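Taking it in order: structure first as structure tokens, then the write-up.
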Amino acid sequence: IGLFTYIRELFAQTAESKQRGYKPGRFSFNVKGGRCESCSGDGIVQIEMHFLADVYVPCEVCEGKRYNKETLDIRYKGKNINDVLEMTSEEALEFFENIPKIKRKLQTLVDVGLGYVKLGQPATTLSGGEAQRVKLAKELSRQNTSNTLYILDEPTTGLHFDDINRLLEVLIKLRDQGNTLIIIEHNLDVIKTADHIIDLGPEGGDKGGEIVAVGTPEEISQTGSYTGIYLKPMLK
């Protein structure tokens with residue numbers, strides 16, 4: 001969502017960075033200069049096993065911190081760049097509360113239920129639902145988002161009830177801005193807030209795939225479909 005760019009720029013603006021002539025690129029673990037060259041900024045080293053799956057261990061040089069010592073010497077509010085990447089979104093939101101452009105992007109991550117995710121967590125380790133919510137956060141951080149079609153596949157998977165409510169607020173905000181959302185979902189808390197439902201059934205798997213009901217949540221609750229049966233008491 002462009003968050004790390006602002007954080008690198010912030011570290012480059014510290015007095016110590018300016019004295020050493022460090023630029024924002026110094027605080028990137030993707031390019032040479034500030035990263036640990038022993039692990040190429042990964043923080044881990046791959047050990048090839050001939051008859052077993054490869055093993056990944058923390059880099060002995062940087063101890064998993066991705067950067068070289070000179071880069072880690074630079075601190076902002078007592079924290080170096082690795083300390084920041086180890087923060088969760090919620091922790092970072094408090095840490096950067098006085099930096100509006102960083103705070104705004106962090107707030108969107110928390111709003112979509114990703115307050116527990118560390119800033120430095122590799123994208124490849126995110127679940128499908130988490131990756132979708134990162135994309136949602138990116139959209140929320142854009143200015144004047146409207147007339148966009150969003151297709152989401154079970155975005156609430158793995159979320160706590162409170163985080164589902166937060167995500168719903170985000171989805172409703174996107175809708176109210178003039179966007180259209182198509183959501184594939186089994187969670188009744190999401191289904192009951194929909195403007196229009198297409199209920200597929202009558203069963204799951206090979207015994208499903210047919211449209212069994214179409215309409216508003218109130219209309220679906222009056223049908224005999226499984227969704228309608230379980231939705232009805234939630235609308236009272």
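The values are calculated or read from the model by the stated rules, or taken from the named source; none is laboratory data. Remember, it's a predicted structure, so these values are computed and weren't measured experimentally. FYI the Cβ positions are ideal-geometry reconstructions off the backbone, even for glycines, and counts take in every protein chain you see.
Find the residue count for the range 1-25, including only residues that are within 25 Å of the chain's Cα centre (by Cα) and assigned to a helix (DSSP H, G or I).
Adding up the residues that qualify gives 11.
Suppose we filter the range 93-141 for residues that are within 23 Å of residue 186 (Cβ to Cβ), assigned to a loop (DSSP other than H, G, I, E, B) and without any contact (Cβ under 8 Å) to a residue 12 or more places away in the chain; how many remain? Result for the range 93-141: 1.
Any residue in the range 2-15 that's more than 17 Å from residue 29 (Cβ to Cβ): show its pairings with residues that are outside any helix (DSSP H, G or I) at Cβ separation under 7 Å, as long as the two are six or more apart or on different chains. Going by the 7 Å Cβ cut-off, the qualifying pairs are 14/74; 14/76. The set of residues in the range 158-190 that are within 18 Å of the chain's Cα centre (by Cα) and of a type in the set (Gly, Ala, Ser) contains only 158.
Find the strands (runs of 3 or more DSSP E) located wholly in the range 161-230 whose residues include 2 or more that are out of contact with any Phe, Trp or Tyr (no Cβ under 9 Å at 6 or more places or on another chain) and over 28 Å from residue 142 (Cβ atoms), and list them.
197-201, 210-215
Checking the condition surrounded by fewer than 21 Cβ atoms within 10 Å (Cβ to Cβ), in contact (Cβ under 8 Å) with a residue 40 or more places away in the chain and not acidic (Asp, Glu), which residue from 20, 26 passes?
Going through 20, 26 in turn, just one is surrounded by fewer than 21 Cβ atoms within 10 Å (Cβ to Cβ), in contact (Cβ under 8 Å) with a residue 40 or more places away in the chain and not acidic (Asp, Glu): 20.
The conditions of being free of Cβ contacts under 8 Å to residues at least 24 places away in the same chain, farther than 24 Å from residue 111 by Cβ and of a type in the set (A, V, I, L, M) are met by residue 57.
The criterion of being more than 30 Å from residue 164 (Cβ to Cβ), surrounded by 15 or more Cβ atoms within 10 Å (Cβ to Cβ) and hydroxyl-bearing (Ser, Thr, Tyr) does not hold for residue 56.
Scanning the range 81-106 for residues that are surrounded by fewer than 18 Cβ atoms within 10 Å (Cβ to Cβ) and touching a helix residue (DSSP H, G or I) at 6+ places or on another chain (Cβ under 7 Å) yields a count of 6.
Per-residue answers, yes or no, for (1) touching a helix residue (DSSP H, G or I) at 6+ places or on another chain (Cβ under 6 Å); (2) modelled with pLDDT of 85 or more; (3) surrounded by 11 or more Cβ atoms within 10 Å (Cβ to Cβ):
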residue: 146; (1), (2), (3): no, no, no
residue: 150; (1), (2), (3): no, yes, yes
residue: 155; (1), (2), (3): yes, yes, yes
residue: 165; (1), (2), (3): no, yes, yes
residue: 171; (1), (2), (3): no, yes, yes
residue: 175; (1), (2), (3): no, yes, yes
residue: 178; (1), (2), (3): no, yes, yes
residue: 183; (1), (2), (3): no, yes, yes
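Scanning the range 55-79 for residues that are outside any helix (DSSP H, G or I), modelled with pLDDT of 95 or more and either under 13 Å from residue 33 (Cβ atoms) or touching a strand residue (DSSP E or B) at 6+ places or on another chain (Cβ under 8 Å) (or both) yields a total of 9. Residue 233 meets all of the listed conditions (1) part of a helix (DSSP H, G or I); (2) surrounded by 13 or more Cβ atoms within 10 Å (Cβ to Cβ) but one, namely (2).
Of the set (1) more than 27 Å from residue 2 (Cβ to Cβ); (2) exposed (fewer than 12 other Cβ atoms within 10 Å of the Cβ), all apply to residue 199 but (2).
Would you mind stating whether residue 47 is among the β-branched types (Val, Ile, Thr) and touching a residue at least 12 places away in the same chain (Cβ under 8 Å)? The answer is no for residue 47.
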